[in-house]
Each structure stands twice: as structure tokens, then as C-alpha cells.
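Asker: Below is a structure I'd like to ask you about.
The values are calculated or read from the model by the stated rules, or taken from the named source; none is laboratory data. No experiment lies behind these values; they were computed from the predicted model shown. Methodologically, a virtual Cβ is constructed for each residue, glycine included, from the backbone with ideal geometry; neighbour enumeration extends over all protein chains shown. Areas reflect the complete protein model, heavy atoms only, side chains present, ligands, DNA and RNA absent. Shrake-Rupley method; radii C 1.70, N 1.55, O 1.52, S 1.80 Å.
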Amino acid sequence: TSHLVGNVGATWNIIKDLTMTSTFGFDKKDIRTGHFADTYTLDGAGNYSLADATNHSDVNWSWENTLAYSFTLGKHNLSLMAGNALYKNVAEEYKGAGHNLISSTMLFYNLGGLQDSQQISSSYVQTTMASFFGRINYKFNEKYLMTVTLRQDGSSVLAKDHQWGVFPSVALAWRMNEENFLKNVEQLSNLKLRLSYGISGNSAVSAYQTQGGLGKTMYAYLINNTENGAYGYYPALTPNYNLGWEKTATANIGIDFGFFNNRISGSLDIYQQKTSDLLMQKKVPSSTGYSLAWDNVGKTENKGVELVINTQNFNQKDFSWNTDYTFTLNREKITELADGTDRDISNGWFVGHSIKTHYGLEKIGIWQLDEAAEAAKYGEKPGRIKIKDQNKDGSIDNDNDRIILGSETPDFVMGLNNTFKYKNFDLRVFMYWRQGQMLHSEANGYGSYRIQGDPGIKVNYWTPENPTNEFPRPEKSYSDSSKLDALGYVDGSYLKIKEITLGYQLPKSWIGKIHASNIRIYCSLKNFFTF
């Protein structure tokens with residue numbers, strides 16, 4: 001791998017308070033990968049040698065220009081900025097591969113010596129983006145602040161007539177602690193009220209998705225009653241000539257605070273986000289000839305609270321202890337689907353629920369011995385998975401008995417970070433807690449089921465002597481995949497100690513002799529404890 005990164009910039013002070021800045025950035029990465037495996041290696045498996053070589057290059061460049069003007073008049077301060085930016089990325093790759101190299105001494109340097117299964121491939125992907133933007137900052141008496149921005153972005157990955165989007169925003173702030181009625185409150189170090197509203201855009205799809213694409217497959221045809229194989233191509237991705245920007249409008253009210261010379265400080269934000277024209281892949285009926293399609297599929301809404309608190313618990317000469325608390329609560333739901341319906345079952349999208357919703361059969365236990373007669377009505381027997389008959393029609397089926405089981409969005413997320421320092425020693429302990437999310441676990445689902453030839457994982461499975469309601473009995477064969485799938489929905493709440501780091505700063509009297517300014521020795525445990 002060779003990697004070249006560089007940037008160059010120039011600033012021109014045209015007149016007093018008027019400045020022009022231009023910067024150009026360049027990033028080029030070249031990667032060559034070669035692989036050879038002889039016949040009697042694990043890869044060759046005693047059948048043939050194989051070799052392949054790949055050359056890949058990535059080139060990125062950016063060119064940004066801004067014009068800035070600012071002036072102060074009494075208690076008024078105004079700064080203006082306008083600019084544009086251009087970005088381009090080109091990724092190019094060439095690959096050759098095959099089997100049965102004439103001589104193993106060639107390794108991967110002479111792919112022409114491959115005698116069987118020769119394959120060549122290449123690709124070229126180019127994406128570009130252009131942006132034009134402006135900003136106004138106004139400040140009065142160091143207490144009242146306003147920022148207004150407007151930007152227009154164009155992205156090559158979107159459909160031809162939908163590549164440009166306009167995104168405005170406005171933010172207001174009031175430094176309340178600078179007011180006369182709060183200036184003399186000694187306990188108050190900082191108090192600032194913030195209000196903001198803005199629209200942002202997202203064009204995060206791969207290049208050429210709007211144009212559709214072809215897939216390569218093998219097919220058979222007859223020549224003189226002999227079957228032959230050949231490659232053919234089929235439409236693998238449906239084109240979308242209307243794919244445009246995903247837009248998110250965000251309103252936020254926040255407050256920054258500090259008390260007792262900022263011994264206690266932090267911020268509280270309450271926000272609402274409304275996203276329209278979501279960029280997502282959706283499943284389409286196979287009768288169309290496709291399986292997936294990119295589309296702007298509907299609208300979602302997020303409401304939430306974010307709280308950050310920083311405390312200096314102790315701050316002495318030899319010992320200090322600081323704590324950072326974070327708390328996030330978010331409620332997400334789909335408010336509209338593109339086709340106007342309230343549900344899209346094939347994609348698992350439901351109006352009024354999270355976009356990451358789990359929809360399936362509800363497991364309520366395991367059929368027990370004293371329930372044999374009732375189980376037989378559903379074609380089951382003791383030891384098998386007991387599914388709730390939602391519509392009470394005497395049968396279990398996907399059309400009538402699947403329900404919304406839960407969401408991958410947690411009820412809340414919390415973080416707690418403690419930093420201790422004693423003389424030259426320091427200790428950091430970071431804990432992270434997610435509560436209330438539902439996950440689908442393959443280990444708990446198919447991976448836990450014991451069938452002939454597959455012992456599964458170690459779980460508390462049902463036997464006549466162990467009448468558990470957790471996992472079903474081992475069986476020679478069982479083919480009801482939707483009921484096995486119901487085993488996999490589990491509570492994903494957890495508390496994780498993400499990091500414990502202990503460090504020691506070598507005294508300057510020691511390291512000064514080797515002309516070093518700082519040496520710290522430390523050890524860390526990362527993601528070591530999970531509950």
C-alpha cells in the first residue's frame with residue numbers, strides 16, 4: 001500500500017476585514033494485493049494451485065473557497081461568509097485470477113501461466129459533489145447571538161433531475177448569566193439558552209444506483225444435443241430516475257449551565273427531527289424481475305432528550321476525581337409510507353412504529369405434558385414451541401398471527417465516565433448502558449435448536465424431566481422455520497464496562513536525563529465486562 005496525502009492553502013487579505021481563503025486537498029491510495037497457494041496447501045486442498053492479483057487505486061480531491069467579512073460597531077459584531085466546495089472521488093480496480101499455474105515459482109507475478117478457470121475483472125466508480133454556502137453571524141453586547149446559514153448541495157449519485165438540494169438553518173442564543181439580574185449570583189458560572197431550526201440532507205447511496213444494474217449468471221443451452229454452459233446477464237437492480245435527497249428538519253431547544261466555578265457543568269437538549277423522502281432499499285415483488293430497489297420511501301419522526309453533566313468531585317493537589325454523565329432518550333416512529341398505506345409487511349415498516357421494528361410470531365413458552373391435547377389441535381406435541389394464537393382461530397399462520405414484537409431502538413442510553421488521578425497515577429473507568437431494545441439472535445433461534453447431526457449450542461432445552469419454557473426438545477428433524485425464528489427475539493438490554501485504563505506518568509526528573517518531555521505507561525481493558 002502506498003498513500004499520499006497533501007493539502008495547500010492560500011489566504012488573501014483583500015482589504016481590511018475582508019479575507020479570501022482557498023484550500024486544495026489531495027488523497028491518493030494505491031493497493032496491490034497478490035495471493036498464491038500451491039496444490040498441497042489448505043487453499044489448494046490437493047486439487048490445484050491458485051493465484052490472483054489485484055490493483056486498486058482511490059483518488060480523492062477537494063477544492064474549497066471562502067470569502068469572509070467582519071466588522072464591529074459599538075456593541076454590534078457582524079461576520080459574513082460565502083463559499084463553495086468541490087469534491088471528487090475515483091476508485092479503479094483490476095483483478096486477474098485462476099487455477100493450475102504452470103510453475104509455482106511464478107507465484108502471482110505471471111497470471112498468463114494459469115491454465116484453468118481464468119477470470120479477469122475491472123471496475124471504475126466516480127462520484128462528485130458541489131456545494132455553495134453562506135453564513136451570517138451576529139452578536140450584540142456579548143449576550144445575544146444569531147447564526148443564519150444557507151447551503152445548496154449537488155450530488156452525482158442521485159437521479160439526474162433531483163441532484164440538488166437547498167438546506168437552510170437558523171440558531172439563536174442568549175447568555176443569560178451576562179444579564180444584570182444574574183451577574184451577581186456567585187454560584188452561577190454559566191447559563192446560556194439556545195434555540196435552533198435547520199434542514200440537512202443525506203445522499204448516502206452508492207454510485208449508479210439510480211441507473212439500475214446487471215447481474216452475471218450461468219445458464220445452459222444445447223448445441224448438437226449437448227448441454228453447454230455460458231454466462232448471461234439479468235437486471236439485478238431496478239433503476240429509479242426520481243431518487244432524490246433525504247431531508248431532515250430539526251428543531252432544538254437547549255441550555256448550557258455551570259455552577260460553583262464550573263465544578264458542575266453540562267447541557268440539556270430537547271429536540272424533534274422530521275425526516276422525509278428516506279433513502280432506503282425496499283423489497284419488491286419477485287414478479288417484477290427484481291428483488292430490491294432504492295427509493296425515497298416515506299417519513300419518520302424522532303423526539304428526544306440529551307443530557308450531559310460534568311462534575312469535579314475532588315480537585316486537590318495530589319488527588320482529583322472527575323465524572324461525566326450522559327443520558328439519551330429517543331422516540332422514533334414512521335409517520336408516512338410512500339404508497340400511502342399504514343404498513344409494508346415485506347420490509348417490516350409500520351406507521352406509528354420504529355423503522356427497526358421486529359414483526360413475527362409470539363413465543364409464549366413450550367408445550368408441556370399436561371397440554372398434549374391442546375397442542376394436538378395445532379398439530380404440535382409436548383416439548384415444541386408454543387406460539388400465541390392471536391386471532392384465536394385454532395391455527396397458527398404468518399398471515400394472521402404475526403404481530404409487532406418490539407424495536408431495536410432502546411428506551412434510553414446512559415454513559416458514566418470516571419477519571420481518578422493520584423500524583424503520577426491515573427485511572428479511567430467508562431461504563432455504558434442500553435436499556436429496552438429487542439434484538440433478533442441467530443444463536444437463540446436456529447443456532448439453539450438440536451436436530452440430527454447438529455448438536456446446537458448449550459441451552460436449557462425441554463425434556464420430560466426438565467419441563468422448561470425456554471427452549472424446545474431435541475428432535476431428529478423440524479422444518480417450521482417461522483416458529484424457530486420466534487425463538488430468536490430477545491431482550492437486548494445490557495450494561496458494559498467499555499474501558500478500564502490504568503496509567504503512570506514517569507517523573508520528569510527521571511525522563512529529563514534522556515531528553516524526553518513526557519513518558520506515560522498504561523494498560524487497558526476494552527469491552528471486558530458485559531452484564
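Asker: Within the range 114-128, track down each residue that is open to solvent by less than 60 Å² (accessible area, probe 1.4 Å), touching a Gly at 6+ places or on another chain (Cβ under 9 Å) and not hydroxyl-bearing (S, T, Y).
Answerer: Of all residues in the range 114-128, those open to solvent by less than 60 Å² (accessible area, probe 1.4 Å) come to 114, 123, 125, 127-128.
Filter again for touching a Gly at 6+ places or on another chain (Cβ under 9 Å), leaving 114, 128.
Hit for the range 114-128 is L114, nothing else.
Asker: Just the residues that are β-branched (V, I, T) and not in a strand (DSSP E or B), please, taken from the range 397-433.
Answerer: Restricting attention to the range 397-433, the residues satisfying the condition of being β-branched (V, I, T) are 403-404, 409, 413, 419, 429.
Scanning the range 397-433 gives a single hit, T409.
Asker: Okay, moving on. Tally time: how many residues in the range 82-101 are without any contact (Cβ under 8 Å) to a residue 60 or more places away in the chain, more than 28 Å from the chain's Cα centre (by Cα) and either under 30 Å from Y208 (Cα atoms) or open to solvent by less than 40 Å² (accessible area, probe 1.4 Å) (or both)? Can you show your working first?
Answerer: Of all residues in the range 82-101, those without any contact (Cβ under 8 Å) to a residue 60 or more places away in the chain come to 82-100.
Add one more test, that the residue is more than 28 Å from the chain's Cα centre (by Cα), and what stays is 82-84, 94-100.
Still in the list and also either under 30 Å from Y208 (Cα atoms) or open to solvent by less than 40 Å² (accessible area, probe 1.4 Å) (or both): 83-84, 94-98.
Summing the residues that are without any contact (Cβ under 8 Å) to a residue 60 or more places away in the chain, more than 28 Å from the chain's Cα centre (by Cα) and either under 30 Å from Y208 (Cα atoms) or open to solvent by less than 40 Å² (accessible area, probe 1.4 Å) (or both) in the range 82-101 gives 7.
Asker: Would you mind telling me which numbered condition in (1) among the acidic types (D, E); (2) surrounded by fewer than 16 Cβ atoms within 10 Å (Cβ to Cβ); (3) in contact with a Ser or Thr (Cβ under 8 Å, 6 or more places away or on another chain) E227 fails?
Answerer: Status for E227: all satisfied but (3).
Asker: Now for a different question. Quick one: which residue in K303, K283 is surrounded by fewer than 17 Cβ atoms within 10 Å (Cβ to Cβ) and closer than 24 Å to M414 by Cα?
Answerer: Details: K283 fails: closer than 24 Å to M414 by Cα.
When all the criteria are applied, what remains is K303.
Asker: Would you check if S189 is within 26 Å of A82 (Cβ to Cβ) and touching a residue at least 60 places away in the same chain (Cβ under 8 Å)? Before the answer, list the steps.
Answerer: Details: within 26 Å of A82 (Cβ to Cβ): no; touching a residue at least 60 places away in the same chain (Cβ under 8 Å): yes.
No.
Asker: Does S131 satisfy the criteria of being open to solvent by less than 50 Å² (accessible area, probe 1.4 Å) and assigned to a strand (DSSP E or B)?
Answerer: Details: open to solvent by less than 50 Å² (accessible area, probe 1.4 Å): yes; assigned to a strand (DSSP E or B): yes.
The answer is yes for S131.
Asker: Ok, one more. Looking at the range 374-394, can you tell me whether even one residue there is polar (S, T, N, Q), touching a residue at least 60 places away in the same chain (Cβ under 8 Å) and either more than 30 Å from A293 (Cα to Cα) or in contact with a strand residue (DSSP E or B) (Cβ under 8 Å, 6 or more places away or on another chain) (or both)?
Answerer: As a first pass, look at the range 374-394 and keep what is polar (S, T, N, Q): 390-391.
Still in the list and also touching a residue at least 60 places away in the same chain (Cβ under 8 Å): none.
For the range 374-394, residues polar (S, T, N, Q), touching a residue at least 60 places away in the same chain (Cβ under 8 Å) and either more than 30 Å from A293 (Cα to Cα) or in contact with a strand residue (DSSP E or B) (Cβ under 8 Å, 6 or more places away or on another chain) (or both): absent.
Results for (1) within 26 Å of A91 (Cα to Cα); (2) surrounded by 14 or more Cβ atoms within 10 Å (Cβ to Cβ); (3) free of Cβ contacts under 8 Å to residues at least 24 places away in the same chain, shown as yes or no for each residue.
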{"position": "T1", "(1), (2), (3)": "yes, no, no"}
{"position": "N7", "(1), (2), (3)": "yes, no, yes"}
{"position": "G25", "(1), (2), (3)": "yes, yes, no"}
{"position": "G34", "(1), (2), (3)": "yes, no, no"}
{"position": "T41", "(1), (2), (3)": "no, no, yes"}
{"position": "G46", "(1), (2), (3)": "no, no, yes"}
{"position": "A51", "(1), (2), (3)": "yes, yes, no"}
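Asker: Please state which one of Y359, Y378 is hydroxyl-bearing (S, T, Y), farther than 30 Å from F531 by Cα and open to solvent by less than 70 Å² (accessible area, probe 1.4 Å). Before you say what the answer is, go through the steps one by one.
Answerer: On the way: Y359 fails: farther than 30 Å from F531 by Cα.
Checking each option against the conditions leaves just Y378.
Okay, residues lined up against (1) open to solvent by 40 Å² or more (accessible area, probe 1.4 Å); (2) modelled with pLDDT of 90 or more; (3) under 23 Å from the mean Cα position of the chain (by Cα); (4) of a type in the set (D, E):
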{"position": "L329", "(1), (2), (3), (4)": "yes, yes, yes, no"}
{"position": "I334", "(1), (2), (3), (4)": "no, yes, yes, no"}
{"position": "S354", "(1), (2), (3), (4)": "no, yes, yes, no"}
{"position": "A373", "(1), (2), (3), (4)": "yes, yes, no, no"}
{"position": "I387", "(1), (2), (3), (4)": "no, yes, no, no"}
{"position": "D401", "(1), (2), (3), (4)": "no, yes, no, yes"}
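Asker: I'd like the full set of residues that are closer than 23 Å to D153 by Cα, in contact (Cβ under 8 Å) with a residue 40 or more places away in the chain and surrounded by 16 or more Cβ atoms within 10 Å (Cβ to Cβ), limited to the range 238-248. Spell out the reasoning first.
Answerer: We begin by selecting, within the range 238-248, every residue closer than 23 Å to D153 by Cα; these are 239-248.
Then drop every residue that is not in contact (Cβ under 8 Å) with a residue 40 or more places away in the chain, which leaves 240-248.
If the condition is that a residue be closer than 23 Å to D153 by Cα, in contact (Cβ under 8 Å) with a residue 40 or more places away in the chain and surrounded by 16 or more Cβ atoms within 10 Å (Cβ to Cβ), then N240, L243, G244, W245, E246, K247, T248 are the ones that fit.
Asker: Now for a separate question. Within the range 403-432, track down each residue that is under 30 Å from Y359 (Cα atoms), crowded, with 17+ Cβ neighbours inside 10 Å and out of contact with any Phe, Trp or Tyr (no Cβ under 8 Å at 6 or more places or on another chain).
Answerer: Within the range 403-432, S407, T409, P410, Y432 meet the criteria.
Asker: Do we have Y109 as open to solvent by 40 Å² or more (accessible area, probe 1.4 Å), closer than 26 Å to K28 by Cα and without any contact (Cβ under 8 Å) to a residue 60 or more places away in the chain here?
Answerer: Details: open to solvent by 40 Å² or more (accessible area, probe 1.4 Å): yes; closer than 26 Å to K28 by Cα: yes; without any contact (Cβ under 8 Å) to a residue 60 or more places away in the chain: no.
It is false that Y109 is open to solvent by 40 Å² or more (accessible area, probe 1.4 Å), closer than 26 Å to K28 by Cα and without any contact (Cβ under 8 Å) to a residue 60 or more places away in the chain.
Asker: Let me ask something else about it. What residue, of G201, G266, is surrounded by 15 or more Cβ atoms within 10 Å (Cβ to Cβ) and on the phi > 0 side of the Ramachandran plot? Steps first, answer last, please.
Answerer: Values: G201 fails: on the phi > 0 side of the Ramachandran plot.
Step by step, each of G201, G266 is checked, and only G266 is surrounded by 15 or more Cβ atoms within 10 Å (Cβ to Cβ) and on the phi > 0 side of the Ramachandran plot.
Asker: Related question: Does any residue of the range 288-295 turn out to be under 24 Å from K160 (Cα atoms), open to solvent by less than 50 Å² (accessible area, probe 1.4 Å), out of contact with any helix residue (DSSP H, G or I) (no Cβ under 6 Å at 6 or more places or on another chain) and in a strand (DSSP E or B)?
Answerer: Looking for residues that are under 24 Å from K160 (Cα atoms), open to solvent by less than 50 Å² (accessible area, probe 1.4 Å), out of contact with any helix residue (DSSP H, G or I) (no Cβ under 6 Å at 6 or more places or on another chain) and in a strand (DSSP E or B), one finds at least one in the range 288-295, hence yes.
Asker: Y69 fails exactly one of the following numbered conditions: (1) among the aromatic types (F, W, Y); (2) surrounded by fewer than 15 Cβ atoms within 10 Å (Cβ to Cβ); (3) more than 29 Å from A207 (Cβ to Cβ). What is the number of that condition?
Answerer: Status for Y69: all satisfied but (2).
Asker: Could you check how many residues of the range 479-508 are more than 15 Å from L361 (Cβ to Cβ) and in contact (Cβ under 8 Å) with a residue 40 or more places away in the chain?
Answerer: Looking only at that region, the number is 17.
Asker: Look at the range 211-260 and say how many of its residues are modelled with pLDDT of 80 or more, of a type outside the set (G, A, S) and in contact with a helix residue (DSSP H, G or I) (Cβ under 8 Å, 6 or more places away or on another chain).
Answerer: Looking only at that region, the number is 7.
Asker: Picking from A207, A220, which residue would you name as being free of Cβ contacts under 8 Å to residues at least 12 places away in the same chain and closer than 28 Å to S123 by Cα? Give the derivation first.
Answerer: Values: A207 fails: free of Cβ contacts under 8 Å to residues at least 12 places away in the same chain.
Within the list A207, A220, the selection yields A220.
Asker: State which residue is farthest from V125 (Cα to Cα) when the search covers only the range 1-59 and only residues that are among the hydroxyl-bearing types (S, T, Y), within 32 Å of the chain's Cα centre (by Cα) and not in a loop (DSSP other than H, G, I, E, B).
Answerer: Initial filter on the range 1-59 (among the hydroxyl-bearing types (S, T, Y)): 1-2, 11, 19, 21-23, 33, 39-41, 48-49, 54, 57.
Next, only the ones that are within 32 Å of the chain's Cα centre (by Cα) stay: 1-2, 23, 33, 54, 57.
Of the ones still in play, those that are also not in a loop (DSSP other than H, G, I, E, B) are 2, 23, 33, 54, 57.
Details: S2: 20, T23: 25, T33: 19, T54: 16, S57: 11 Å.
Among those residues, the one meeting the criterion is T23.
Asker: How about the range 155-173: which of its residues are under 30 Å from Y138 (Cβ atoms), among the small types (G, A, S) and open to solvent by 10 Å² or more (accessible area, probe 1.4 Å)? It would help to see each step written out before you state the result.
Answerer: At the first step, the residues of the range 155-173 found to be under 30 Å from Y138 (Cβ atoms) are 164-173.
Narrowing the set further to residues that are among the small types (G, A, S) leaves 165, 169, 171, 173.
If the condition is that a residue be under 30 Å from Y138 (Cβ atoms), among the small types (G, A, S) and open to solvent by 10 Å² or more (accessible area, probe 1.4 Å), then S169, A171, A173 are the ones that fit.
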